[in-house]
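The values are calculated or read from the model by the stated rules, or taken from the named source; none is laboratory data. Everything numeric here is computed off the predicted structure, so don't read it as measured data. Here Cβ is always computed from backbone atoms with ideal geometry, including for glycine, and neighbour counts include all displayed protein chains.
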Amino acid sequence: MEQSAFLATGVPQLDLILGGGIVERSLLLIAGLAGSGKTVLAAQIAFAAAHREERVLFVTAFSEPHDKLISNLHHFQFFEPNMIGERIKLLNLQHQLSASVAEAGETIVREARAHRAQLVVLDGFQGVSVTSQTSLAPHQFLYDLNAKLSLLGITSVITYNYAPTLEGSRPELTAVDGIVWLAQELMGDQAVRMLQVVKQRGANPLLGRHSFKLDNSGLVCYPRQEAVTTPKDVPPGNERATFGIAELDAMLRGGLTQGTNTIIAGAEGVGKTLLSLKFVMQGIANGERAIIITFNETAQQLVAKGARFGLDLQAAIDQGQLRIQYYPVAELNADMVAQELRDAVTTTQIQRLVIDGLYEIELPLIKNERAHGFFASLITFLRSQQITTCITLEIDPLIGRELSFVGKTFSALAENVLLMRRSEVKSQFLSTIDVLKMRFSAHDRTLHEYTIEDNGFRISATSSTRTEGKRRRSI
């Protein structure tokens with residue numbers, strides 16, 4: 001079967017979602033209600049084509065005058081006024097539509113041929129639909145326009161003020177080759193922009209809904225992590241990723257297995273984040289690169305925290321070995337985090353990753369019943385890149401050594417689990433660490449006491465005996 005040729009949209013990750021881009025010589029319909037981003041998306045595609053020195057005919061019906069269109073697009077980074085005229089020709093169809101729909105269609109074809117356009121954008125198909133006298137006329141208009149422009153080798157993009165979930169099926173939707181639906185949805189009080197490829201002939205799009213943001217750069221899409229094709233899963237490597245703490249590395253029989261993920265679990269204040277920073281900086285000392293994803297502490301706060309314990313994160317950042325990415329918890333988009341992580345991995349060959357705060361990224365996914373699929377897909381990707389990952393998880397204070405992951409999202413996915421606790425013994429606080437789980441390696445199965453001092457962690461080489469056989473309260 002002959003593979004389709006595609007026209008790039010110029011919208012980050014939209015080509016991936018579409019299955020390669022807009023199929024050349026096809027007609028793509030961008031549908032959505034007012035304010036969903038249809039005109040911005042169509043304009044962004046048009047200017048991307050113009051940047052490639054392609055010629056574009058941008059047609060408006062009854063949507064808005066050209067001066068208002070230009071004014072509304074002026075603040076977007078993709079907008080370049082010097083492209084209007086030679087590369088992007090503007091055409092208003094209001095006069096032709098007042099006469100007949102057929103005349104409007106002929107005008108588009110005639111002007112596209114005269115401008116030698118490779119792309120035609122019609123913003124506001126509802127103007128054509130409302131002008132038509134019969135329900136068949138919009139369908140016939142699209143069919144004829146698609147056939148004539150396709151014969152000329154022209155790709156078409158049309159915006160339509162329409163929401164598939166709110167109205168019945170319309171005949172004109174069968175006359176187009178592709179449909180992209182834009183929407184704004186409320187999740188609680190949070191407004192979330194979503195995109196779905198309803199139809200795409202000649203391509204294999206990523207099904208389901210995907211999030212996007214709309215800012216001064218235009219649209220930026222974030223494919224749903226579970227839908228992204230990930231590389232084939234590979235077994236863990238033979239190498240070990242050490243913490244640089246001799247006693248802990250001995251407990252792990254030489255360090256964490258390369259390419260695996262590790263949960264560092266414990267109540268607030270036991271040192272989870274500090275231990276993850278030590279893990280990162282040991283990799284930096286070995287000449288590796290790393291990324292830290294943080295939700296509760298900013299990059300500056302983590303740098304300051306590390307400095308207090310002799311960990312020079314700032315030097316690693318300045319040398320290009322470390323990148324810290326902070327995402328505020330408010331209105332967190334997990335797919336954005338995953339996409340930016342994948343981008344960073346492909347541009348920077350990292351060996352270690354820390355996600356400081358599993359609960360923060362897990363919570364919005366649980367609400368949408370996506371958590372297991374999201375993390376399974378992300379872990380498969382990280383393992384395929386042989387990236388060793390540590391993820392901190394805050395848990396409730398424990399009684400004894402009991403910890404159950406039954407029913408937890410990460411229960412089947414965590415390959416290694418380290419448990420850090422602070423217990424009260426004879427009116428004194430005692431901090432312990434133990435290895436609850438290592439899927440691919442033998443490990444020490446006893447508790448070890450630790451303290452956090454000015455130069456970092458100090459862990460006892462022998463198992464703790466002060467807590468054995470004693471009733472204690474863990475916090």
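List of remarks:
- Filtered residue count, the stretch 425-464, keeping only those that are under 39 Å from the mean Cα position of the chain (by Cα), among the β-branched types (V, I, T) and surrounded by 13 or more Cβ atoms within 10 Å (Cβ to Cβ): 5
- Residues located in the stretch 248-267, provided they are in a loop (DSSP other than H, G, I, E, B) and in contact with a Pro (Cβ under 9 Å, 6 or more places away or on another chain): Q258, G259, T260, A267
- Which listed residue is buried (at least 18 other Cβ atoms within 10 Å of the Cβ) and without any contact (Cβ under 8 Å) to a residue 60 or more places away in the chain, from E172, E226: E172
- The set of residues from the stretch 35-48 being closer than 21 Å to L142 by Cβ and of a type in the set (G, A, S) comprises S36, A42, A43, A46.
- The set of residues in the stretch 175-193 being surrounded by fewer than 17 Cβ atoms within 10 Å (Cβ to Cβ) and either not charged (D, E, K, R) or not assigned by TED's automatic domain parsing to the domain that holds V157 (or both) consists of Q184, L186, M187, G188, Q190, A191.
- Odd one out for S276 among (1) surrounded by fewer than 21 Cβ atoms within 10 Å (Cβ to Cβ); (2) under 22 Å from D396 (Cα atoms); (3) out of contact with any helix residue (DSSP H, G or I) (no Cβ under 9 Å at 6 or more places or on another chain): (1)
- Subset of the stretch 448-475 that is in contact with a Ser or Thr (Cβ under 6 Å, 6 or more places away or on another chain) and closer than 22 Å to E394 by Cα - its residue that is modelled with the lowest pLDDT: R472
- For the stretch 1-39, filtering for residues that are surrounded by 21 or more Cβ atoms within 10 Å (Cβ to Cβ) and of a type in the set (A, V, I, L, M, F, W, C) leaves 12.
- Qualifying residue in the stretch 88-107 (condition: in a helix (DSSP H, G or I) and at pLDDT 95 or above): no
- Test set (1) among the β-branched types (V, I, T); (2) under 25 Å from L419 (Cβ atoms); (3) more than 24 Å from the chain's Cα centre (by Cα) - V354 fails condition number: (3)
- Residue in the stretch 54-66 that is out of contact with any Asp or Glu (no Cβ under 6 Å at 6 or more places or on another chain), more than 20 Å from L152 (Cα to Cα), of a type in the set (V, I, T) and in the same structural domain as T159 (by TED's automatic domain parsing) present: no
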